[in-house]
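A short worksheet on the structure shown next.
The values are calculated or read from the model by the stated rules, or taken from the named source; none is laboratory data. This is a predicted model, so every value here is computed, not measured. Methodologically, a virtual Cβ is constructed for each residue, glycine included, from the backbone with ideal geometry; neighbour enumeration extends over all protein chains shown. With ligands, DNA and RNA removed, areas are computed over all heavy atoms of the protein, side chains included. Shrake-Rupley method; radii C 1.70, N 1.55, O 1.52, S 1.80 Å.
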Amino acid sequence: MDNSTPIEATPLRTIKPHPTIIPSPIFDSGIIEAERESGNQDLVDSVLMRFDAVRRRLLQINYAKDVVIPASTICKNQGIKTNTKKRIGEVPGVQVGDIFYNWSEMYLVGLHLQTMAGIDYLRVENGVVGSPVSTSVVTSGHYNDKTEDVNSLIYTGHGGKDKNGQPRDQKLERGNLALVESNKIGNEVRVIRGKEDPDDKNKKIYIYDGLYFVSELWKEKGNTGCEEFKFGLMRKQGQPEGFEIWKSAENLWKHGLSNSRKGFILEDLSYGKEAIPVTLVNEVDENDKSTPPGFEYVISENNSNPMLDCVCVQRNEGKLPYHNNILVCRKPMVYECDFSCKNRVLQSGLKIQMEVFKTSNCGWGLRSWKPIRAGTFICEFSGVNKKKEEVEEDDDYLFDSSRIYNRFKWNYEPELLGEDAWKPVSEVFNLQSQVLISAKDSGNVGRFLNHSCSPNVFWQPTKCGINSESHVRIGFFAMKHIPPLTELTYDYGVSSVEKIGEDERLFKGKKNCLCGSMKCRGSFG
DNA sequence: GCGCAATCATACTA
DNA sequence: CTAGTATGATTGCG
């Protein structure tokens, strides 16, 4: 007999329920019902941007340990979502190769409309109730799936546990039944590949890999000795690369590269000036080993004014501008410390493994080996500070803050969090004087960022140190999540604009634009 | 209403 | 050190 005194089990961890957030009752998402059912590229971008902005803000105000669920609940309830109608095949505005940092993002743009289950399916189409048909599957590596091949995968059905968590045979129901039906009728099934985040082993990144067909199915005994369903999926031909790009990038960051790489030119274009090397490759013309001409690689020097007291919080209106080195909001000016505190992002230099690569028609470009989360610091625009009269006419490597830039919204909407809507953080730069930096003769990787009218990077004016006289530096940050080996681009702006109608404006840059985006203005610079 | 699910972020364990 | 696990709140669906 066990007659020892029973010991009260002490909980290992207590989680407080989320405090209630009451969004403003008059909040209007601006998304009309039809758009909510079926979206487009702009809506998908905007929904993802708004969700992540709320998520970052909740982190910044130390709202709760888990902020993904609260942020997505707010967006769901306030109508910040699109493609809510379940569909077979592609989702408008979601591209093969797009990456997601959690399931909520996939939910909000209609890619995978399940909160937890890995198989999504629809039962009713055009008002007719039929057999469930699968629409999308998410791989997560929990089921010993074979998921490394880029054109096929073996997916294990779900279920297989009783209510006590004990293993049992999987049943032919729900998602399993839907995948069997998809095998029968041969419909397209979206595949999302969950992979470990290379920068955080505890987290996953989800890569949309396009459309697949359920080509075969069978049953077999799994590790537990219980029956499992197995589904063989084959990738539809003729789609852009998705997971394949991820895999080649993974090769780079896991095994370094080396000289055996196609089009390899230089191990480190910075010649040791950056903390991590900047690779130089030319895959367009493998025999051309020439390097970018006529410039010296330099990084900006940090002015060293030791501080007595850290005043970062006060100078940044009560909150630190970065959370885990990710910018929370764009601001007229971000202030960083000199030495003593952690509030140093721009000053800490290049953190992402970059490569300068030859583009097909825009000269050299810049891209990252690893995926980049929205808000991540990319690099500074280093070069020589100039006065207006010092600028050379033919300077193609000039940063000019006085150009006209497309406005865009990136920050969170205070009304969503019940904050005062009349004092949102301004996203409009209010520079006291024009910032002109030339990277023509000397610069860092920032000089290799090309222009795009649909950019994935934006710039943020920053002052470092207590000296308010210190000059304005320009930091580049990721506007959205950027898949690995995707070219990084920002809006160069245009030097003049002509009004040609009531609402029509003609942008007149000095150069013809080749960005190829739907929203191309035709010129830049 | 109940039960389930290939979640999420984190503390703890080995 | 890190890889693995346990944890409780959570939500759409049948």
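Looking only at strands (runs of 3 or more DSSP E) that lie completely in the range A:327-402, which have at least 1 residues being under 25 Å from residue A:427 (Cβ atoms)? Talk me through it step by step, then tell me what you get.
On the way: elements: A:334-336, A:354-358, A:364-368, A:377-380, A:398-400.
Fully inside the range A:327-402 and qualifying: A:334-336, A:364-368, A:377-380, A:398-400.
Mind listing whichever residues of the range A:138-160 are in a loop (DSSP other than H, G, I, E, B) and away from DNA strand B (no atom under 11 Å from the Cβ)? Steps first, please.
At the first step, the residues of the range A:138-160 found to be in a loop (DSSP other than H, G, I, E, B) are A:140-145, A:147-151, A:157-160.
Scanning the range A:138-160 gives A:148, A:149, A:150, A:151.
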Problem set entry | Out of A:250, A:216, A:241, sole residue that is charged (D, E, K, R), within 30 Å of residue A:107 (Cβ to Cβ), under 26 Å from the mean Cα position of the chain (by Cα) and open to solvent by 80 Å² or more (accessible area, probe 1.4 Å) | A:241
For this session: Residue by residue through the range A:216-269, note down the ones that are closer than 22 Å to residue A:483 by Cα, among the polar types (S, T, N, Q) and free of Cβ contacts under 8 Å to residues at least 24 places away in the same chain.
Result: A:237, A:251, A:258
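Got a sec? Which of A:184, A:163, A:171 is open to solvent by 30 Å² or more (accessible area, probe 1.4 Å), not in a loop (DSSP other than H, G, I, E, B) and not acidic (Asp, Glu)?
Working: A:163 fails: not in a loop (DSSP other than H, G, I, E, B); A:171 fails: not in a loop (DSSP other than H, G, I, E, B).
Only one candidate qualifies: A:184.
Answer yes or no as to whether residue A:74 is in contact (Cβ under 8 Å) with a residue 60 or more places away in the chain and more than 13 Å from DNA strand B (Cβ to nearest atom). Give the steps one after another, and end with the answer.
Numbers: in contact (Cβ under 8 Å) with a residue 60 or more places away in the chain: yes; more than 13 Å from DNA strand B (Cβ to nearest atom): yes.
Criteria met by residue A:74.
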Seminar exercise, completed: Log entry, pairs with first residue in the range A:156-175 being among the charged types (D, E, K, R) and more than 14 Å from DNA strand C (Cβ to nearest atom), second being part of a loop (DSSP other than H, G, I, E, B) and open to solvent by 60 Å² or more (accessible area, probe 1.4 Å), beta carbons closer than 6 Å, six or more apart or on different chains, reads A:162/A:168
Seminar exercise, completed: Taking the range A:404-444 and keeping only residues that are open to solvent by less than 30 Å² (accessible area, probe 1.4 Å), assigned to a loop (DSSP other than H, G, I, E, B) and not acidic (Asp, Glu), one is left with A:410, A:411, A:412, A:435, A:439, A:444
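Table: residues versus (1) in a loop (DSSP other than H, G, I, E, B); (2) crowded, with 21+ Cβ neighbours inside 10 Å; (3) near DNA strand B (Cβ under 10 Å from one of its atoms).
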| site | (1), (2), (3) |
| --- | --- |
| A:83 | yes, yes, no |
| A:87 | yes, no, no |
| A:92 | yes, no, no |
| A:107 | no, yes, yes |
| A:117 | yes, no, yes |
Exercise. Residues A:96, A:44: which one is under 15 Å from the mean Cα position of the chain (by Cα) and surrounded by 22 or more Cβ atoms within 10 Å (Cβ to Cβ)?
Worked result: A:44
Exercise. Can you find even one residue in the range A:384-394 that is closer than 30 Å to residue A:286 by Cα and either open to solvent by 50 Å² or more (accessible area, probe 1.4 Å) or in contact (Cβ under 8 Å) with a residue 12 or more places away in the chain (or both)?
Worked result: yes
For this session: Sort out which residues of the range A:53-79 are exposed (fewer than 15 other Cβ atoms within 10 Å of the Cβ) and among the polar types (S, T, N, Q), and write them in order of number.
Result: A:62, A:73, A:77
For this session: For the range A:351-400, enumerate the residues that are more than 25 Å from the chain's Cα centre (by Cα) and within 30 Å of residue A:412 (Cα to Cα).
Result: A:400
Exercise. Looking only at the range A:471-497, which residues are open to solvent by less than 10 Å² (accessible area, probe 1.4 Å), in a loop (DSSP other than H, G, I, E, B) and closer than 22 Å to residue A:432 by Cα?
Worked result: A:493
Exercise. Can you spot a residue in the range A:46-54 that is in contact with a helix residue (DSSP H, G or I) (Cβ under 7 Å, 6 or more places away or on another chain), of a type in the set (Ser, Thr, Tyr), part of a helix (DSSP H, G or I) and not assigned by TED's automatic domain parsing to the domain that holds residue A:481?
Worked result: no
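Right, residue A:119: in contact (Cβ under 8 Å) with a residue 12 or more places away in the chain, assigned by TED's automatic domain parsing to the domain that holds residue A:156 and of a type outside the set (S, T, N, Q) or not?
On the way: in contact (Cβ under 8 Å) with a residue 12 or more places away in the chain: yes; assigned by TED's automatic domain parsing to the domain that holds residue A:156: yes; of a type outside the set (S, T, N, Q): yes.
So residue A:119 passes the test.
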Problem set entry | Meets criteria (open to solvent by less than 30 Å² (accessible area, probe 1.4 Å) and within 8 Å of DNA strand B (Cβ to nearest atom)) for residue A:135 | no
For this session: Give the residues of the range A:197-219 that are acidic (Asp, Glu) and either within 16 Å of residue A:183 (Cβ to Cβ) or within 16 Å of DNA strand C (Cβ to nearest atom) (or both), sorted by residue number.
Result: A:197, A:199, A:200, A:216
For this session: Mind listing whichever residues of the range A:445-469 are in contact (Cβ under 8 Å) with a residue 60 or more places away in the chain, of a type outside the set (Phe, Trp, Tyr) and either under 17 Å from residue A:511 (Cβ atoms) or open to solvent by 10 Å² or more (accessible area, probe 1.4 Å) (or both)?
Result: A:447, A:449, A:450, A:451, A:452, A:453, A:454, A:463, A:466, A:467
